[in-house]
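The values are calculated or read from the model by the stated rules, or taken from the named source; none is laboratory data. Since the model is a prediction, treat every value here as computed from it, not as a measurement. Here the Cβ positions follow ideal geometry from the backbone for every residue, glycine too, while neighbour counts run over all protein chains shown.
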Amino acid sequence: MSREKIISQSSTGAEDEQYNAALRPRSLDECIGMTELIEKLSISVTAARDRDEPMEHVMLHGPPGLGKTTLAYVIAHEMGSAIKVSSGPALTRPSDLIGILTNLERGDVLFIDEIHRLPASVEEYIYPAMEEFKVDFVVDSGMHSRTINLPLKPFTLIGATTRAGLLSPPLRTRFGIAHHLEFWPVEDLLARARMTAKMLEVPYDEPALEMLAARARGTPRIANRLLRRCRDYAQVKAAGRLTIETVEAALRLEGIDPLGLDELDRRFLRTIIGVYRGGPVGIEAVAATLGEETDTLVDVVEPFLLQAGLLARTRRGRLATTQAYEHLGEQPPADGDAGLFNNT
Ligand code: ADP
């Protein structure tokens, strides 16, 4: 079974994307949390505006659903510029990228999601574009070949990736600002849930939103999605108000446990515990047993389990921690078992 729609951190369709767009803050002031990053961006934006120059190139990395796309839109809004959106896998040929670059106006923001998946042949063209605002390309071949040098209007590239480790060093070093987005603390998720409830005009009891925020896997996109699910549940099964009882029942129906783990998270841990005796086990083996893509597990499932202390990543492979055994109600192996790893 693939990851449930409800919990998946990436967008799952047009409807979801529509909500995402509607719920995004527009300015830096409206952004919740991320204090250090917001401060850094606000200084850069102000300085660039004062100099009447585009802002430095920005690289944002971190698990899906934490706010990378949102920040790209916010930066464009703050700069008073237009934003063009693309992604690494969509730019398959150099001409795809060159087409976009040559159509940028002065000061525009180009957002490239999953930038680590840009083909090497395309990435080459990004370097001079970022550094000198130009593209060079060769037309014809053999005797008639010549290089055409196209000047570009100065722009800001905002790159996003779930895996900073997969970025090529030449690309990484060309960003003036690079920032890792962390999972959100519960109080920020609560603020996000309140904001969403207000925008969607859903009446709620405060403890109900606290429960929802605590189970949102540190991810604002998930907080938004859970809120919509709970709203539907409350509308159909109760009087429309989010109470502790309705939120608890709605989340139980969705298979979300008190730590915010969903079915795939639990199957992942159960596989390591049940099939591989707690590990260490290579991620490919776990992926094969689960019938899931390794990338999905690494990008979407593992980061939160690591952060929650339920999983450990060692050089010999993945290990379930004693906390994972306890959470799943499994008996941890006796002391001295090589696989056991206590995270406390
Ligand atoms: P990513 O691009 O990292 O996958 P998004 O930018 O799409 O994540 O964020 C998902 C959702 O989280 C957005 O639709 C928005 O509602 C919420 N969100 C993200 N960052 C913020 C923020 N700083 N303040 C308030 N809400 C945010």
Task: Residue ID - nearest to the chain's Cα centre (by Cα), chosen from residues in the range 200-217 that are assigned to a loop (DSSP other than H, G, I, E, B) and within 10 Å of L242 (Cα to Cα) - done: V202
- [ ] Among the helices (runs of 4 or more DSSP H) lying completely within the range 11-95, list those that include at least 1 residues that are under 16 Å from the mean Cα position of the chain (by Cα), of a type in the set (V, I, T) and within 15 Å of the ligand (Cβ to nearest atom).
- [x] 68-79
Task: Within the range 226-249, considering residues that are at pLDDT 95 or above and in contact with an Asp or Glu (Cβ under 8 Å, 6 or more places away or on another chain), the one surrounded by the most Cβ atoms within 10 Å (Cβ to Cβ) - done: L226
Task: Scope the range 213-230; condition within 15 Å of the ligand (Cβ to nearest atom) and of a type in the set (G, A, S); matching residues - done: A213, A216, G218, A223
Open item on the list: Quick check on N103: is it closer than 30 Å to L305 by Cβ and among the polar types (S, T, N, Q)?
Closed with: no
Task: Residue count, the range 113-139 (criterion: over 13 Å from F175 (Cα atoms) and in contact with a strand residue (DSSP E or B) (Cβ under 8 Å, 6 or more places away or on another chain)) - done: 13
- [ ] Could you please give the count of residues in the range 191-209 that are away from the ligand (no atom under 12 Å from the Cβ) and buried (at least 16 other Cβ atoms within 10 Å of the Cβ)?
- [x] 5
Task: Meets criteria (farther than 17 Å from P220 by Cα, modelled with pLDDT of 95 or more and in contact with an Asp or Glu (Cβ under 9 Å, 6 or more places away or on another chain)) for M55 - done: yes
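For (1) buried (at least 16 other Cβ atoms within 10 Å of the Cβ); (2) within 16 Å of the ligand (Cβ to nearest atom); (3) not hydroxyl-bearing (S, T, Y), each residue gets a yes or a no:
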site	(1), (2), (3)
T162	yes, yes, no
P170	no, no, yes
R174	yes, no, yes
M211	yes, no, yes
Task: All positions within the range 247-283 that are farther than 23 Å from V202 by Cα and among the β-branched types (V, I, T) - done: T271, I272, I273, V275, V281, I283
Task: Filtered residues of the range 268-281 (kept if crowded, with 20+ Cβ neighbours inside 10 Å and closer than 20 Å to R217 by Cα) - done: F268, L269
